Amino acid sequence: MKVEAIPAAQGNYLLHNYEETAANFDWTDVEKEFSWYETGKVNMAYEAIDRHAESDRKNKVALYYKDQGRSESYTFYEMKRMTNRAANLLKAHSNLEKGDRIFIFMPRSPELYFMMFGALKMGLIVGPLFEAFMEGAIYDRLDDSDAKAIITTPELLSRVPHERLPNLKTIFLVGEKIEEDQKVIDVQKYLGTSSDQFEIEWLDKEDGLVLHYTSGSTGKPKGVLHAQYAMVQQYQTAKWVLDLNEQDIYWCTADPGWVTGTAYGVFAPWLTGTTTVILGGRFSPEGWYKAIEDFGVTVWYSAPTAFRMLMGAGDALVKEFNLSTLRHVLSVGEPLNPEVVRWGMQVFKKRIHDTWWMTETGGHMICNYPSMTIKPGSMGKPVPGIKAAIVDDQGNELPANQMGNLAIKKGWPSMMRQIWNNPQKYESYFMNDEWYVSGDSAYMDEEGYFWFQGRVDDVIMTSGERVGPFEVESTLLEHPAVAEAGVIGKPDPVRGEVIKAFVALNEGYDPSEELIQDIQQFVKKGLAAHAAPREIEFKDKLPKTRSGKIMRRVLKAWELDLPTGDLSTMED
Ligand code: ATP
Ligand code: MG
């Protein structure tokens, strides 16, 4: 279902002329913005924190933190001192060396960021883990990456099966009343007393930075290794896509357990010296709006699932808060349904800018920019310096409006450097040594906008027509009864596949045969007859990852009575 294009917002944006910039841009020019361009000594923690602490930004707030019990702020100078202390304590109480893997498994708090950047200052590779992971998920990741240490809390410790992980030598515990032993170190005891001077471990730009396991939407999570050099792209897209300026107060709602929470939660904003908000605790519509009001958030980066939950909380609630500081809103992680974009225009009077990228790409790939017209339902256009295309299964570029593999020309700055422990998997992403093939299906229109259609494996072939599940789901969501929708292809002897929709209903609606027919008619009229689901099954809830992505493979497995595969990232 197409929604009318929304013209560019008025303003003086960092990317003011997309076409001109895209035609003339070269990534190597960005290298000059970093101190390592002169010194040859690289470290993300230096560029994101210390560099500002040694400049006019010294007393500027780097981090605002709030949860139910705490409300704190730290300047870049204070962040430098705290991360130095963290680095000293890590060094004094372990045998960790440059390149070793250390995992962080704890709820968001200032200590998480002190420790993360302390570890980076030591030259370690940091593996962030979402706090809701259970023992099996923790074991798999620590074992796969041969982790040497973990930073966690007493509450979560029971989920770290250290007896089964012989190479996990040290456990750093952040909490109260810690009993130390040879393996367990009390972080709070040393964080206040360690020296605030630390000699950074200088690295090569190709040395490791973070090891992120993917979200597990389509199968077993993969360990994606990124290099320090990713900062080139993260910095530049902080400007072009997030449009971050000196005065901005930026809030990215993603947990650092997912790549968005590191790359655009802290790296990108701090590389540009931007004040960043971190909100602890659970999602609540009131709490979120209040955070925007209290901190005066200007740039807000979130996800479709969160926007849909805010929609569900009602428009009246929005009016109880002063959100007038908001100037730029963005979304990532899942297709952004046109319905959500329309709602954003209604309640925030702001365009919601979709951004497409993945753990493996390490940075933004295809986005909407404030100075560009938005076509709701489209992911936008490639970041200047990125060549994206739709290719067939042989790697030939397809003409406009043909659905195929969404691919990126190999070799952008933040491209993954390895799939940990799995070189074959790494190789399998590349075609003809030219294209990185994303696994997503899309088409490009005549004006160069890209339209997401679904995961390649989820594209449905019905009576000879290729149907992307995303458009069907988006249309279903437009129906007043539908709260959530997941669409799969179900094998059919006559049609190849038929479209089956799983639907969760809004409050006040009950499943019935009439409702099924009404929804089917609605999709026929709104999209196309061949795209209307032949079967609709009502569910209270759809299976989702902890970062809010619908797991279509689980729906399919349920439907076909197949094994569901790795469920470590599925929400409860
Ligand atoms: P796994 O690779 O383990 O199956 P995953 O692909 O969900 O999990 P991520 O790297 O977190 O892991 O997510 C990237 C994927 O998320 C993309 O390939 C795409 O399918 C989806 N995605 C991200 N942003 C968007 C967007 N703006 N529009 C549509 N889909 C998006
Ligand atoms: Mg993926």
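Relative to the dominant Cα principal axis of the chain, helix 338-347 is inclined by about 70°. Extension gain, D572 to Y37, is 187.9 nm, computed as 0.36 nm per intervening residue step minus the present C-alpha separation. Residues in region 379-391 carry Karplus couplings, in order, of 7, x, 10, x, 4, x, x, 10, 9, 10, 7, 9, 10 Hz; the curve used is 6.51 cos²θ - 1.76 cosθ + 1.60 with θ = phi - 60°, and Gly or Pro positions show x. The long axis of helix 285-295 is offset from the longest Cα principal axis of the chain by roughly 50 degrees. What is the local net charge at A137, summed over the other residues whose Cβ is closer than 15 Å to its Cβ (Lys, Arg +1; Asp, Glu -1)? In short, -3. Amide H contacts of T569 (H built 1.01 Å from N, in plane; Pro and chain starts excluded): no residue 5 or more places away or on another chain comes under 5 Å.
Nearest 5 percent is fine: what portion of the DSSP beta bridges confined to the chain is antiparallel? Antiparallel: roughly 60 percent of the beta bridges in the chain. Taking only protein heavy atoms and a 1.4 Å probe, the accessible area of the chain is 46% carbon and sulfur. Residues whose amide H lies under 5 Å from that of V224, counting only those 5 or more places away or on a different chain, are H212, Y213, T214, W420; hydrogens are built 1.01 Å from N in the peptide plane. In the chain, Rg over Rh equals 0.96, where Rg is the alpha-carbon radius of gyration and Rh the Kirkwood radius from pairwise Cα distances. Residue-wise HN-Hα couplings along region 229-241, as the Karplus relation 6.51 cos²θ - 1.76 cosθ + 1.60 with θ = phi - 60° gives them from phi, are 4, 3, 4, 4, 6, 5, 5, 5, 6, 4, 7, 6, 8 Hz; Gly and Pro carry x.
Farthest towards the positive end of the charge dipole of the chain, among the residues W356, L310, A501, is the Cα of L310, using unit charges on the Cβ of Lys, Arg, Asp and Glu. Summed over the residues of the chain and divided among them, the accessible surface reaches 40 Å² per residue at a probe radius of 1.4 Å.
Using the Cβ of W558 as centre and a radius below 12 Å, the other residues enclosed give a net charge of +3, where K and R count +1 and D and E count -1. May I ask which residue of A132, A48, G69 lies farthest towards the positive end of the charge dipole of region 44-141, with charges of +1 (Lys, Arg) and -1 (Asp, Glu) on Cβ and the Cα centre as origin? Farthest towards the positive end: A48.
For V494 and E427, a Förster radius of 35 Å and the Cβ-Cβ distance give a FRET efficiency of 0.35, rounded to the nearest 0.05. Working from Cα positions, state the angle (0 to 90°, nearest 10) between the long axis of helix 76-92 and the longest principal axis of the chain. For helix 76-92, the angle is close to 70 degrees. Under the convention that each Lys and Arg Cβ holds +1 and each Asp and Glu Cβ holds -1, the size of the dipole of region 459-560 around its Cα centre is about 580 debye. Rounded, prolate or oblate for region 459-560? Axes are the square roots of the Cα gyration tensor eigenvalues, ordered a ≥ b ≥ c, and the cut-off for rounded is a/c under 1.5. Taking the square roots of the gyration eigenvalues as a ≥ b ≥ c, region 459-560 is oblate. For I249, the residues whose amide H sits under 5 Å from its own are T298, V299, ignoring neighbours fewer than 5 places away on the same chain, with H placed 1.01 Å from N. Using θ = phi - 60° in the Karplus curve 6.51 cos²θ - 1.76 cosθ + 1.60, the 3J(HN,Hα) couplings for region 101-108 round to 8, 10, 9, 10, 9, 6, x, 4 Hz; x is entered for Gly and Pro. Per-residue accessible area (protein heavy atoms, 1.4 Å probe) orders Y77, Y46, Y436 as Y77, Y46, Y436, starting from the largest.
Around E97, what is the net charge, scoring Lys/Arg as +1 and Asp/Glu as -1 over all other residues with Cβ under 14 Å from its Cβ?
Net charge around E97: +2.
Helical content of the chain, expressed as a calculated mean residue ellipticity at 222 nm, amounts to -7000 deg cm²/dmol (DSSP H runs of 4 or more residues, -39,500 (n - 2.57) each, divided by residue number, nearest 500). Working ranking of peptides 134-140, 396-402, 214-220 by packing, defined as the average number of other Cβ atoms within 10 Å per residue, highest first, is 214-220, 134-140, 396-402. Each Lys and Arg contributes +1 and each Asp and Glu -1, all at the Cβ; summed about the Cα centre of the chain, the dipole is approximately 600 debye. Distance between the pseudo-spin-label points of E447 and R164 (7 Å out from Cα toward the beta carbon): 5.3 nm. Between M134 and V184, the simple spin-label model (points 7 angstrom out along Cα→Cβ) gives 2.4 nm.
The values are calculated or read from the model by the stated rules, or taken from the named source; none is laboratory data. This structure is a prediction, so every number in the text was calculated from the model and none was measured. All Cβ positions, even for glycine, are placed from backbone atoms using ideal geometry, and neighbour counts span all protein chains on display. Note: areas computed on protein heavy atoms with side chains; ligands, DNA, RNA excluded. Shrake-Rupley method; radii C 1.70, N 1.55, O 1.52, S 1.80 Å.
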